[in-house]
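Single-structure report; data block below.
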Amino acid sequence: MDRVSKTNYYLDIAQTVLERSTCLHGKYGAIIVKNDSIVSTGYNGAPRGRKNCTDLGACACGKEGGSELCRSVHAEANCIISATREQMLDSTLYLCGTDAVTGEIIKDTCSCQACKRLIINAGISKVIVRSSPTCFISYNVRDWVLNDDSISN
């Protein structure tokens, strides 16, 4: 019997978390793991108390303007605000995204610039993103610090 790898185990959990997403465009789930224990989980949805896109029947992020107009708090951000800095230092964030209509994994998912900044400041050391049911891309957060793609040349 083949056993699922630890990385895909955690990505499977992140993919289950995204089922709580309330975005009509893309569903995202994230978990933070440290020392082989899940520290926190998060999915994308409107701030607490506000109406979700699923309640409104419309989602601004699918229109012109993209994610800047999105009313959702991103999965990574929700994950980070649910943990203490001590819990996140040297941890790994696992992220999965699926198309809200087709349910297919979004192969080129990566954290946006705002979430990258949060991840860096949280002290998370690695981000692993699902690219297919069994494949993933691993990012060293230190590379995001050293190769600052938020600065235009």
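For the chain, modelled as a Gaussian network with Cα springs under 10 Å, which listed residue fluctuates most, Cys96, Cys59, Cys135?
Result for the chain, Cα springs under 10 Å: Cys135 fluctuates most.
Can you check what the net charge comes to around Thr22, using other residues whose Cβ is under 13 Å from the Cβ of Thr22 (Lys, Arg +1; Asp, Glu -1)? Don't skip to the end; give the middle numbers.
Working: positive: Arg20, Lys27, Arg48, Arg50, Lys51, Arg71; negative: Glu19, Asp55.
Every neighbour counted, the sum reads +4.
Over region 24-144, what is the mean sequence separation of C-alpha contacts under 8 Å (at least six apart), divided by residue count, expressed as relative contact order in percent? Please report the intermediate quantities before stating the final value.
Values: 244 pairs, mean separation 32.0, N = 121.
Taking the mean separation of contacting Cα pairs over the length of region 24-144, I get 26 percent.
So, taking all protein chains as they sit and a 1.4 Å probe, how much accessible area belongs to Lys51, in Å² rounded to tens?
Roll a 1.4 Å probe over it and Lys51 shows about 130 Å².
Rounded to the nearest 5, what is the percent of antiparallel bridges among the DSSP beta bridges in the chain?
Working: 21 of 25 bridges.
Roughly 85 percent of the DSSP beta bridges within the chain come out antiparallel.
Can you list, bin by bin at 5 Å, the percent of alpha carbon pairs in the chain, starting at 0?
Spelled out bin by bin, the chain gives 2, 10, 19, 22, 20, 15, 8, 3, 1, 0, 0 percent.
Based on Cβ point charges of +1 for Lys and Arg and -1 for Asp and Glu, what charge dipole magnitude is obtained for region 16-153 about its Cα centre, in debye rounded to the nearest 20?
Details: 15 positive and 14 negative charges, 71 e Å.
Charge dipole, region 16-153, about its Cα centre: 340 debye, nearest 20.
Using a Gaussian network model of the chain with C-alpha springs under 10 Å, which one of Ser72, Ser40, Ser132 is most mobile by mean-square fluctuation?
The residue with the greatest mean-square fluctuation here is Ser132.
Name the shape class, rounded, prolate or oblate, that the alpha-carbon gyration tensor gives for region 94-133, where a ≥ b ≥ c are the square roots of its eigenvalues, rounded holds for a/c under 1.5, and otherwise prolate holds if a/b is larger than b/c and oblate otherwise.
Details: a/c = 3.52, a/b = 2.11, b/c = 1.67.
Since a/c reaches 1.5 and a/b is larger than b/c, the shape of region 94-133 is classed as prolate.
How much length is gained on full extension from Ser82 to Ala114, taking 0.36 nm per residue of separation minus their Cα-Cα distance?
Values: separation 32, 0.36 × 32 = 11.52 nm, distance 1.70 nm.
Taking Ser82 through Ala114 to full extension adds about 9.8 nm, to one decimal.
Nearest 0.05, what FRET efficiency do Ser150 and Leu56 give at R0 = 41 Å with Cβ-Cβ as r? Spell out each step's value before the answer.
Details: r = 31 Å, r/R0 = 0.76.
That gives a FRET efficiency of 0.85.
Helix-only estimate, please: 222 nm mean residue ellipticity of the chain, summing -39500 (n - 2.57) across DSSP H runs of length 4 or more and dividing by its residues, to the nearest 500. Provide the component values of the computation, followed by the final result.
Details: 6 runs with 43 residues, N = 153.
Mean residue ellipticity at 222 nm (helix-derived): -7000 deg cm²/dmol.
Given the options Tyr43, Tyr94, Tyr139, which has the most mean-square fluctuation in a GNM of the chain, springs set between C-alpha atoms less than 10 angstrom apart?
Tyr139
At 7 Å along the Cα-to-beta-carbon direction for both Glu19 and Ser131, put a label point, then send me their distance in nm to one decimal.
Placing both labels 7 Å beyond Cα along the Cβ direction yields 2.7 nm.
What do you reckon, how do Ser125, Ser150, Ser91 stack up by accessible area (1.4 Å probe), largest on top? Don't skip to the end; give the middle numbers.
On the way: Ser125 40, Ser150 70, Ser91 0 Å².
From most exposed to least exposed: Ser150, Ser125, Ser91.
The values are calculated or read from the model by the stated rules, or taken from the named source; none is laboratory data. These numbers were taken from a predicted model, which means no experiment stands behind them. Glycine also receives a Cβ, built like all others from the backbone with ideal geometry; neighbour counts cover every protein chain displayed. With ligands, DNA and RNA removed, areas are computed over all heavy atoms of the protein, side chains included. Shrake-Rupley method; radii C 1.70, N 1.55, O 1.52, S 1.80 Å.
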